[in-house]
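Trainee: Structure provided below as structure tokens; questions to follow.
The values are calculated or read from the model by the stated rules, or taken from the named source; none is laboratory data. In this text the structure is predicted, and so the values were computed from the model without any measurement. With ideal geometry, Cβ positions are generated from the backbone for all residues, glycine too; neighbour counts draw on all protein chains shown.
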Ligand code: UDP
Ligand code: MG
């Protein structure tokens with residue numbers, strides 16, 4: 001690469017964010033130009049079907065620091081983030097949502113903290129989520145409580161994907177064999193010195209959320225199964241408990257038979273069958289979660305395809321580099 005390495009890369013995943021583009025460019029540019037250091041903004045177009053790409057191309061004409069990475073199809077927020085992160089060139093890499101829910105002004109403070117305290121990771125922590133819907137707050141609180149249980153206390157609560165990583169941390173991430181890591185869990189798990197910067201989560205500047213409930217549930221399921229075999233153990237314990245209960249029921253049934261009260265036994269049978277059926281279904285479901293993960297891992301398909309990178313002479317190879 002002949003171009004000098006920028007001090008900072010800002011990765012912005014975008015899926016149909018045409019309506020926030022002008023505002024985003026203005027705010028981001030204001031902050032980054034004010035830094036007085038070389039930077040690049042890596043806008044990752046996650047297969048948008050609106051005017052996002054056209055808007056980005058237009059912006060690039062007057063903003064040489066803007067780099068546009070296009071994914072061939074919609075691959076999801078996480079995959080888009082990873083695509084941008086792995087291709088960013090900066091000494092520090094900040095990831096930020098396109099919708100201005102994370103104020104770009106906080107980037108300056110993140111960078112300052114990272115340098116002053118020699119940190120490899122600085123999390124943007126939502127100090128105030130009162131602008132998010134009650135449902136979102138409630139599900140997020142549950143999610144973080146669960147993740148801290150699974151991954152350990154190093155997962156900061158209320159830290160989303162607004163964070164700064166040093167070059168060393170990015171390279172450590174790239175060395176993981178996982179193709180599509182759940183970043184908000186894998187990053188703390190890396191164990192680098194880290195800090196937090198609090199900020200107020202804003203309302204979406206324009207457009208609407210691209211994270212419906214089904215995607216939130218998907219992220220939660222993937223988070224759990226990518227980090228812990230504990231649910232498998234829950235299944236085992238449930239199975240054992242079911243067997244124990246059945247053992248008791250068998251003894252009860254035999255005693256009832258000796259006592260000549262067999263006809264009254266059918267409700268207990270009914271309950272036992274239902275109970276066993278439920279436990280078996282639950283265990284099958286849990287096994288399925290892991291089998292699905294093994295399946296996708298064995299397939300080894302890239303989580304995304306890069307269709308073009310405005311900073312590269314020719315289209316890059318598919319998947320991670
Ligand atoms: N996003 C993406 N691909 C997707 C869905 C979302 O790149 O398939 C981007 C989106 O453009 C935004 C960020 O991920 O920059 C967060 O999405 P959103 O603001 O819709 O989620 P929310 O803040 O409602 O959780
Ligand atoms: Mg948002």
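Trainee: Under the condition of being surrounded by fewer than 18 Cβ atoms within 10 Å (Cβ to Cβ) and within 26 Å of residue 210 (Cα to Cα), which residue from the stretch 144-159 is nearest to the chain's Cα centre (by Cα)?
Mentor: Checking each candidate, the answer is 144.
Trainee: May I pose another question? For the stretch 36-113, give me every one of the strands (runs of 3 or more DSSP E) that falls completely inside it and has 2 or more residues that are near ligand 1 (Cβ under 10 Å from one of its atoms).
Mentor: 39-45
Trainee: How many residues are under 20 Å from the mean Cα position of the chain (by Cα) and modelled with pLDDT of 80 or more when one looks only at the stretch 293-321?
Mentor: Total meeting the criteria: 6.
Here is a yes/no grid of residues against (1) in contact (Cβ under 8 Å) with a residue 40 or more places away in the chain; (2) touching a strand residue (DSSP E or B) at 6+ places or on another chain (Cβ under 8 Å); (3) surrounded by fewer than 17 Cβ atoms within 10 Å (Cβ to Cβ):
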site: 99; (1), (2), (3): yes, no, no
site: 102; (1), (2), (3): yes, yes, no
site: 105; (1), (2), (3): yes, no, yes
site: 108; (1), (2), (3): yes, no, yes
site: 117; (1), (2), (3): yes, yes, yes
site: 122; (1), (2), (3): yes, yes, no
site: 130; (1), (2), (3): no, no, yes
site: 138; (1), (2), (3): no, no, yes
site: 142; (1), (2), (3): no, no, yes
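Trainee: Also: Among the candidates 165, 150, 119, which residue alone is closer than 18 Å to residue 223 by Cα and either in contact with a helix residue (DSSP H, G or I) (Cβ under 9 Å, 6 or more places away or on another chain) or assigned by the TED database to the domain that holds residue 101 (or both)?
Mentor: After applying the criteria, what remains is 150.
Trainee: Now, a different point. Which pairs have Cβ atoms under 7 Å, sit 6 or more apart or on different chains, and link a residue in the stretch 190-214 that is under 25 Å from residue 151 (Cβ atoms) to one that is within 9 Å of ligand 1 (Cβ to nearest atom) and at pLDDT below 85?
Mentor: 201/132
Trainee: Restricted to the stretch 167-203, and to residues that are buried (at least 17 other Cβ atoms within 10 Å of the Cβ), farther than 19 Å from residue 92 by Cα and within 16 Å of ligand 2 (Cβ to nearest atom), which residue is modelled with the highest pLDDT?
Mentor: The residue in question is 199.
Trainee: A follow-up question, please. Among the listed residues 164, 185, identify the single one that is in contact (Cβ under 8 Å) with a residue 24 or more places away in the chain, more than 16 Å from ligand 1 (Cβ to nearest atom) and in a helix (DSSP H, G or I).
Mentor: 185
Trainee: Consider the stretch 191-241. How many of its residues are away from ligand 1 (no atom under 16 Å from the Cβ) and either touching a strand residue (DSSP E or B) at 6+ places or on another chain (Cβ under 9 Å) or in a strand (DSSP E or B) (or both)?
Mentor: Residues in the stretch 191-241 being away from ligand 1 (no atom under 16 Å from the Cβ) and either touching a strand residue (DSSP E or B) at 6+ places or on another chain (Cβ under 9 Å) or in a strand (DSSP E or B) (or both): 7 in total.
Trainee: Further question: Only one of 22, 13 is in contact with a strand residue (DSSP E or B) (Cβ under 7 Å, 6 or more places away or on another chain) and closer than 16 Å to residue 207 by Cα. Can you tell me which?
Mentor: Going through 22, 13 in turn, just one is in contact with a strand residue (DSSP E or B) (Cβ under 7 Å, 6 or more places away or on another chain) and closer than 16 Å to residue 207 by Cα: 13.
Trainee: Return the only residue of 36, 55 being farther than 23 Å from residue 172 by Cβ, away from ligand 2 (no atom under 16 Å from the Cβ) and without any contact (Cβ under 8 Å) to a residue 24 or more places away in the chain.
Mentor: Going through 36, 55 in turn, just one is farther than 23 Å from residue 172 by Cβ, away from ligand 2 (no atom under 16 Å from the Cβ) and without any contact (Cβ under 8 Å) to a residue 24 or more places away in the chain: 36.
Trainee: Follow-up. Say whether the condition of being outside any loop (DSSP other than H, G, I, E, B), more than 15 Å from ligand 1 (Cβ to nearest atom) and touching a residue at least 40 places away in the same chain (Cβ under 8 Å) is met by at least one residue in the stretch 13-26.
Mentor: Within the stretch 13-26, not a single residue is outside any loop (DSSP other than H, G, I, E, B), more than 15 Å from ligand 1 (Cβ to nearest atom) and touching a residue at least 40 places away in the same chain (Cβ under 8 Å).
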